[in-house]
Each structure stands twice: as C-alpha cells, then as structure tokens.
Amino acid sequence: MRLCHAAPHLGVGTSSMSRVPASLRRRVRRRAGGLCEYCLSSPELTGHDFTIDHIVPEKRGGSNGTRNLCWCCFWCNVYKQARTEAKDWRSAHLVPLFHPRLDNWRDHFRWSRDSTKIVGRTAVGRATIKALRLNRSMLVKARRVWARFNLHPP
C-alpha cells in the first residue's frame, strides 16, 4: 500500500507539490483549521496524510496561488483528481464542484441528524458529495465513533 504512504509533499493525486513551498502549505493548512476543506475530517482522527489540492488543476490553468489551494485529505484528493464539475443526481445537470475559496461549506452542505453523513443542500453540494464520496462507508462508520466521543462534527 505504498500509495498511502507516499511523501505528503508530493501531493498524491495532484501535480508534484515540490512547486508549492512549505511555508505556503503551512499557511493553507492553518487557514483550513487543519481540517479537510471538503469532508471536514482531521488528520488526527483519520490517521491519513493530508495534502494541498489545486481546486482548479494546474493542467486546466490553475495556479499555485493561495486562492486556488485548499487543505485536503488523501481520499478526497484521490476522488477529486482533476475534476472541477460533476453531475447533480437530482437535476441531472453538470455543475461545478464545491470551491472552498469561493463557496461557504454550510451553504452547500449540512450534517445528517446523527452527524454521520454530509447532506447536500444544493446541486453543487449533492454533486460534490457523490464525486468525492464524502459519505464513503468507512468514513461514515468513523464519524459514528467520533460523534460518540464528541469529536465530531467539527
């Protein structure tokens, strides 16, 4: 399972992070409060390395500027890949994925009553949940345990 243990500075699923200075990575992490800006998980609870995500991928013209970077868990990064849009299952329209710099998380998402699932409030929220698998079964199970110990939701 070498992929999971790749050096965090390489940004698994993104372009090589060697072009993003360590000081900028620290600034992006601090701005995110240490949480994945998509699923709101923390590295301390997941046990996974987190990385920098280019919200608009470099190969699509995205920059290494702070407005295009977000802190992201390994799995959200893997599922997002170079995507910037996905289909909303309810409307069947292609919509932009949640953009952590332009969108407010609470405008597009809310927690389920038991705090184990993320529920989409909008087409953007629903499409992002499905595309990034924000309610993948292992994460839902983990959230159940975290909630029991008042570690979740953040």
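Quick notes
- Under a model in which nothing but the beta-carbon of Lys, Arg (+1) and Asp, Glu (-1) is charged, the chain shows a dipole of about 200 debye around its Cα centre.
- On full extension, the segment bounded by GLU58 and ARG27 gains 9.2 nm, given 0.36 nm per residue less the C-alpha separation.
- Proximity of backbone amide H atoms, modeled 1.01 Å from N, is registered between GLU37 and TRP71, CYS72, CYS73 at under 5 Å, excluding neighbours fewer than 5 places apart on the same chain.
- Rel. contact order, % - alpha carbon contacts under 8 angstrom, at least six apart, the chain: 18
- 3J(HN,Hα) along segment 26-43, derived from phi through the Karplus expression 6.51 cos²θ - 1.76 cosθ + 1.60 where θ = phi - 60°, amounts to 5, 5, 5, 4, 4, 4, 7, x, x, 9, 4, 7, 9, 9, 6, 7, 10, x Hz, with x in place of Gly and Pro.
- The residues packed around ILE55, meaning those with a beta-carbon under 14 Å from its beta-carbon, carry a net charge of +2 if Lys and Arg are +1 and Asp and Glu are -1.
- Taking other residues whose beta carbon is less than 14 angstrom from the beta carbon of SER42, and scoring Lys, Arg as +1 and Asp, Glu as -1, yields 0.
- Amide H contacts of ARG136 (H built 1.01 Å from N, in plane; Pro and chain starts excluded): no residue 5 or more places away or on another chain comes under 5 Å.
- Under Karplus coefficients 6.51, -1.76 and 1.60, residue-wise ³J(HN,Hα) of segment 81-90 in Hz, glycine/proline x: 6, 9, 6, 10, 8, 7, 8, 6, 5, 6
- Distance from the Cα centroid of segment 50-78 to that of segment 97-117 is 18 Å (rounded to whole angstrom).
- Packing, taken as the mean count of other beta carbons within 10 Å per residue, orders the peptides 54-61, 40-47 from highest to lowest as 40-47, 54-61.
- Farthest toward positive dipole pole in the chain [+1 Lys/Arg, -1 Asp/Glu at C-beta], among VAL145, ALA127, PHE98: VAL145
- Using the Cβ-Cβ distance between LYS130 and ARG101 with R0 set to 25 Å, the FRET efficiency from 1/(1 + (r/R0)^6) comes to roughly 0.70.
- Over 19 Å apart at the Cα level, from the set LYS59/LYS87; LYS80/LYS141; LYS80/LYS130; LYS87/LYS130, are LYS59/LYS87; LYS80/LYS141.
- Chymotrypsin sites (Phe, Trp or Tyr not before Pro) lying in DSSP loop within segment 107-154, provided at most 14 other Cβ fall within 10 Å: PHE149
- Extending 7 Å from Cα along the Cβ direction at ALA147 and again at ASP114 yields two label points whose distance is 0.6 nm.
- Radius 10 Å from Cβ of VAL95, net charge of other residues (Lys, Arg +1; Asp, Glu -1): 0
- Protection proxy ranking of 125-132, 32-39, 94-101, by the mean of other Cβ atoms within 10 Å over each peptide's residues and highest first, is 125-132, 32-39, 94-101.
- Cα gyration tensor category, rounded, prolate or oblate, for segment 38-83 with a/c compared to 1.5: prolate
- For segment 123-132, 3J(HN,Hα) computed residue by residue from phi via the Karplus equation (6.51, -1.76, 1.60; θ = phi - 60°) reads 4, 4, x, 4, 5, 5, 4, 5, 5, 9 Hz, glycine and proline entered as x.
Values quoted throughout were computed directly from the atomic coordinates according to the rules given, and no laboratory measurement underlies them. None of the values given here were measured: they were computed from a predicted structure. Cβ sites come from the backbone with ideal geometry, for glycine too, and all protein chains shown count toward neighbours.
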